[in-house]
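Let me begin by presenting the structure, written as structure tokens, before commenting on it.
Since every read-out is calculated from the coordinates, none of them should be taken as a lab result. Small disclaimer: the values here were computed from a predicted structure and weren't measured. Cβ sites come from the backbone with ideal geometry, for glycine too, and all protein chains shown count toward neighbours.
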Amino acid sequence: MYRPPSIQTLRALEAAARLRSFSRAAEELGVTHGAVSHRIREIEERLGAVMFERRGNTMEPTAAARQVLPVIRQSLELIASVFPAPAHDGQQVLRIGVLPSFAANWLVPRLAAFHAAHPKIAIALDPRLEVSPIGPGGLDAAIRYGSGQWPDLTTQRMIVDMVFPACSPHYRRHMEIHGPQDFARCHLMRNVWQPWTPWLQKAGIAMAEPTGSVPFEDAGLMLDAAVAGQGVALVRKVIARDAIAEGRLVRLSDIEIPFEGAYHFAWSRIASDKDAAIRSFGVWLAQQLHQEFPD
């Protein structure tokens, strides 16, 4: 049976890349230099690529390492967020439901800023596709995408997401994509929730809805596939923001269309002793989203 690399192996790669040193990574992780080297070699053998190049006294991540590091970091942060540190005196823990794509690609990398501003509130994420109950015995609140009309919940509308085509820089060069007119010779990845036809019509591209491949049910997985160079995807602006800013994805058109519905922050109408903390998180969430996506 295939087994993915252990968390310890992924942590060794992340620490070595961040610290630019196997020795410093070993000190941080409490292991030997040889143990870190061994774990890096394991990843190199699995991926068939060199992860580091020595430059003077530092170990610089290669292009292959830089491609996988964002996903590894987000995964480690997501796992850590599910198991928050035990609450200290006066600290409240909020269990927040969230879509995995939104958690891994946008929320988790920004939670440190919330914790810095609200040290008395700990966030425990519950990332899953299915809707979990909110209220006594369930989640304290959730970030959901949809109409905002959910029974027994108070909702705060956050932002409408937009979609546009994007792919990896390598795929763009390999397929010689200069614009949407070149999409006919590309693999257009499919999402069960977002067909290509509305975007193609707005862009004035005479193409039929793509068929012949299994559609993705999770936008985050399709985003990862696009980063890995598997084709062109209609990505959502919010969760693709960091991948584009870091150069892991390139936007292929300025034309965008709204994704039906909107992000909402939702919590129970039943009063609880966590209401103040829930509202604090909701205010921070709205401010962060509107700051990054003012339009």
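Maximal additional length on extending the residue 55-residue 149 stretch stands at 28.2 nm, based on 0.36 nm per residue less the C-alpha distance.
Taking 7 Å steps out from each Cα toward its Cβ at residue 255 and residue 162 produces label points 1.4 nm apart. With K and R counted +1 and D and E -1, the other residues having a Cβ less than 14 Å from that of residue 247 yield a net charge of +4. Taking each residue as 0.36 nm, the span from residue 132 to residue 217 lengthens on full extension beyond its C-alpha to C-alpha distance by 28.8 nm.
The protection proxy used here, the mean number of other Cβ atoms lying within 10 Å of each residue, ranks peptides 189-199, 283-293 as follows, highest first: 189-199, 283-293.
Which of 66, 39, 269 has the fewest other C-beta atoms within 10 Å, and how do the rest follow up to the most?
Neighbour counts put them in this order, fewest first: 269, 66, 39.
At full extension, residue 170 and residue 47 could sit 42.6 nm farther apart than now, given 0.36 nm per residue minus the alpha carbon distance.
Bridgeable lysines around residue 120 (alpha carbons under 29 Å apart, same-chain partners fewer than 8 residues away excluded): 274. Can you find, among 225, 262, 23, the residue farthest towards the positive end of the dipole of the chain? Put +1 on the C-beta of Lys and Arg, -1 on that of Asp and Glu. It is 23, whose Cα lies furthest towards the positive end. In this simple spin-label model, placing a label point 7 Å from the Cα along the Cα-to-Cβ direction at both residue 27 and residue 80 gives a separation of 1.9 nm.
By the rule of a C-alpha distance below 24 Å, with chain neighbours fewer than 8 residues away ignored, the lysines paired with residue 202 are 237. Reported to the nearest whole Å, the Cα centre-to-centre distance from the stretch 36-64 to the stretch 217-295 is 32. Between residue 19 and residue 225, the modelled label-to-label distance comes to 3.8 nm, taking each label 7 Å out from Cα in the direction of the beta carbon. Simple point charges give the picture: +1 on the Cβ of Lys and Arg, -1 on the Cβ of Asp and Glu, and for the chain a dipole about the Cα centre of about 460 debye.
Farthest towards the positive end of the charge dipole of the stretch 45-171, among the residues 51, 114, 74, is the Cα of 51, using unit charges on the Cβ of Lys, Arg, Asp and Glu. Only the Cβ atoms of Lys and Arg (+1) and of Asp and Glu (-1) were treated as charged; on that basis the dipole of the stretch 162-258 about its Cα centre amounts to roughly 140 debye.
Ellipticity at 222 nm from helices only: DSSP H runs of n ≥ 4 in the chain, each -39500 (n - 2.57), divided by the residue count, give -11500 deg cm²/dmol.
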